[in-house]
Amino acid sequence: MSESVFLERIERVADALTRSGADAMIVTPSTDFAYLTGARPSLRERLIALGITADGRVRAVAPVFELDAMQPVIDIGIDVIAWSDGDDPAAMLIEGLGLGSRQRVAIGADVPMRFTLEFNRHSDIAWVPADEVLVPLRVRKSSTELALLRGAASAVDETYRRFLATTEFRGRTELAVQDDLREYLQATGHDLSGSFSIVAAGSNAAMPHHSPGARVLEECMGVLTDFGGPREGYCSDMTRTWSLGPASARLREVHAVVLEANRAGFAAVRPGVTAESIDAVVRGVIERAGFGEYFTHRTGHGIGLDVHEAPYLVAGDTTVLEEGMAFSIEPGIYVPGELGVRIEDIVAVTADGAECLNNADRSLIEV
């Protein structure tokens, strides 16, 4: 993204701070940091931080020997205060921002407590969550961000196609099959360091976040696969459930209900409705089919730089959907000791409805 994109985002943060009554915001390396600067330095025991004040001052601190990782920050014109071992970077950032006592400072959710305590030693700061400032900015994606999400979704669609077409499943363990799935993710441009994959066979699929293990895939088993991760900085996330060999009547019944719920959720998405209303629609389909007690998680989560971010499609999230928001719709039915089915797509809100970013086959494929 161009330098002007990050400068505009920083300006919007300053405006949001003013509206919220906060004097400044501090974030450490995280997706928030990347959203504001384009830089992704690693955070270890030495402080790296970015500060923005409501009146437009912007400063960063970083160890002198880690300035290379801060080059994107420097490139957009932010003053990076380099510090050496023995210096006090917390005091240096406070001074650079001109913060005094009893000021309200929004702090990023990923700032480690040890660094918060370092700041507290130098100034009597009233901390408030930075989410109140950043979430409203990050939740609505720009056209560039949506293009990156489409690219990630298309890549994970291709991952699934290659996975089913070329993987040997019979007689192999979940872990072995997961290794193949990760290779396909990498081959389609995903960053494996942040990617994830679940392969859950038979009754293991009744555990939504099952950790693949030594279970061997056998004929007539249902298999749940959930996979994705960052690609060019923005994330994919997709789940499909398929059958190794002929599918049982029970698996077909459950799969049909989940697919209906997935499609009903997509049809309900449009600007002006709430996040929780989509959950209610999806949950209603499953409850009317008699499986309500087996749908044990929210309908969806936002996606962008993080796989899971706001908004959340769950009762109690009253976020009003707006054009540009992107999130998953992922109904599931999990019958303990028997089977599990989930179908997950990424959806973006459009001016008059929704766009489904995933196009991989949702049917109960028999491999």
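Multiplying the residue separation of ALA280 and SER248 by 0.36 nm and removing their Cα-Cα distance gives an extension gain of 8.6 nm. Computed from Cα atoms, the angle from the helix 275-288 axis to the main principal axis of the chain rounds to 20 degrees.
Among residues other than VAL13 with Cβ under 13 Å from its Cβ, the summed charge is -3 (Lys and Arg +1, Asp and Glu -1). Against the main long axis of the alpha-carbon atoms of the chain, helix 3-20 sits at an angle near 80°.
Using bins of 20 Å that start at zero, the share of Cα-Cα pairs per bin across the chain amounts to 28, 49, 22, 1, in whole %. What you get for region 235-367, charging only the Cβ of Lys and Arg (+1) and of Asp and Glu (-1), is a dipole of about 440 debye around the Cα centre. Comparing LEU97, ILE125, VAL135 along the charge dipole axis of the chain, the residue lying farthest to the positive side is VAL135, per the Cβ-charge model. Per residue, the average separation of C-alpha pairs within less than 8 Å and at least 6 apart gives the chain a relative contact order of 14 percent. Each residue, LEU192 and THR350, gets one label point 7 Å from its Cα in the Cβ direction; the gap between the two is 3.7 nm. Region 56-120 and region 255-270 have Cα centres lying 46 Å from one another. For GLY56, what charge total do you get from the other residues with a beta carbon under 11 Å from its beta carbon, if Lys and Arg give +1 and Asp and Glu give -1? Overall, the nearby charge balance is -2.
Measuring max minus min along each principal axis, the C-alpha atoms of region 239-367 give extents of 42, 28, 25 Å (largest first). Taking the Cβ-Cβ separation of VAL320 and ALA82 as r and a Förster radius of 51 Å, what is the calculated FRET efficiency to the nearest 0.05? The value I calculate is 0.70.
Electrostatic tally near GLY96: other residues with Cβ closer than 13 Å to its Cβ, Lys and Arg +1, Asp and Glu -1, net -2. Specify the inter-centroid distance of region 134-211 and region 316-358, based on alpha-carbon positions, in whole Å. When both Cα centres are located, 16 Å separates them. The stretch between VAL273 and ALA126, if pulled fully straight at 0.36 nm per residue, gains 49.4 nm over its current Cα-Cα span.
For the chain, the longest principal axis of the C-alpha atoms and the axis of helix 174-187 are separated by about 60°. Considering the dipole of the chain built from charges on the beta carbon (Lys and Arg +1, Asp and Glu -1) around the Cα centre, which of VAL58, VAL5, ILE76 is farthest to its positive end? So the residue furthest toward the plus end is VAL5.
Extension gain for GLU3 to THR167 (0.36 nm times residue separation, less C-alpha to C-alpha distance): 54.8 nm.
Shape verdict for region 15-75, please, from the Cα gyration tensor: rounded (a/c under 1.5), prolate (a/b greater than b/c) or oblate. Note, shape of region 15-75 comes out prolate. The residue list VAL27, TYR234, THR274 was ranked by how far each Cα lies along the charge dipole of the chain toward its positive end, using unit charges on Cβ atoms, and THR274 comes out on top. Counting only Cβ charges, +1 for Lys and Arg and -1 for Asp and Glu, the dipole size of the chain around its Cα centre is about 540 debye.
Only the coordinates and a few stated rules stand behind these numbers; no lab work does. Just so it is clear, the model here is predicted, and its values are computed rather than measured. In this analysis, Cβ positions are derived from the backbone assuming ideal geometry, glycine residues included, and neighbour counts consider all displayed protein chains.
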